[in-house]
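Quick notes on the structure that follows.
Throughout, read-outs are computed from the coordinates displayed, never taken from laboratory work. Source: prediction; values computed, not measured. When we count neighbours, we look across all protein chains shown, and the Cβ atoms used for this are built from the backbone with ideal geometry, even at glycine.
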Amino acid sequence: MESKLSGHAATKLGWYLARMYLLARSYSDIEYLIWFSLGNTPEHGKNDYCMWRVTNDDVPRPTSAVAAACEAARRLPQPGDGSVSRVSEDGIYLLRWSKDGRTHFAFWTDETGFVRDIGRLGIEGAGRARSVFGVVLDVNSLRFSESPVYVDVPHGIADSFQESLM
């Protein structure tokens, strides 16, 4: 069975890959995370470890998992430029770090099918939110789900924002 390049399975793999990248960076002894595959060994002739789709004209194209991994790498501080701390990790994950003069958060749940609307967080005009793929989100309609959400706020309201999520 062949899945679509932009199908739900590919999207979900993107969520998992971003979550793995985020959690790995929250361990201080991990400096680099490298995702690799053996060259020229596509699975069933279609995918290189579900990251790249081999098309009929034999040109590899990235799946949504690549976009999710790239967005996670873009959001996090470079290795050596700051640490990522786990604030919560019991079914609901909340990570926190500083970068570019702002406090950044990533949050999600690992409970399949669980979705919880967060509601108003008091960060209108001060906070910015993006999806796991970098799409701008409305800060007034954020929710916990399996898909990581990135939020950044000024340092002065970071603690109150964090409390509002817990």
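Placing dummy labels 7 Å off each Cα toward the beta-carbon, the span from ASP110 to LYS12 is 1.6 nm. Using a ≥ b ≥ c from the Cα gyration tensor of the stretch 71-166 (square roots of the eigenvalues), is it rounded, prolate or oblate, where a/c under 1.5 gives rounded and otherwise the larger of a/b and b/c decides, a/b for prolate? In terms of gyration-tensor shape, rounded.
What length, rounded to one decimal in nm, is gained on full extension from ARG61 through to SER141, with 0.36 nm per residue of separation minus their alpha-carbon distance?
That works out to 25.6 nm of additional length.
Take the Cβ atoms of ILE157 and ASP81, set R0 to 35 Å, and the FRET efficiency comes out at 0.95.
Subtracting the Cα-Cα distance of GLU89 and ILE118 from 0.36 nm times their residue separation leaves 8.7 nm of extension gain.
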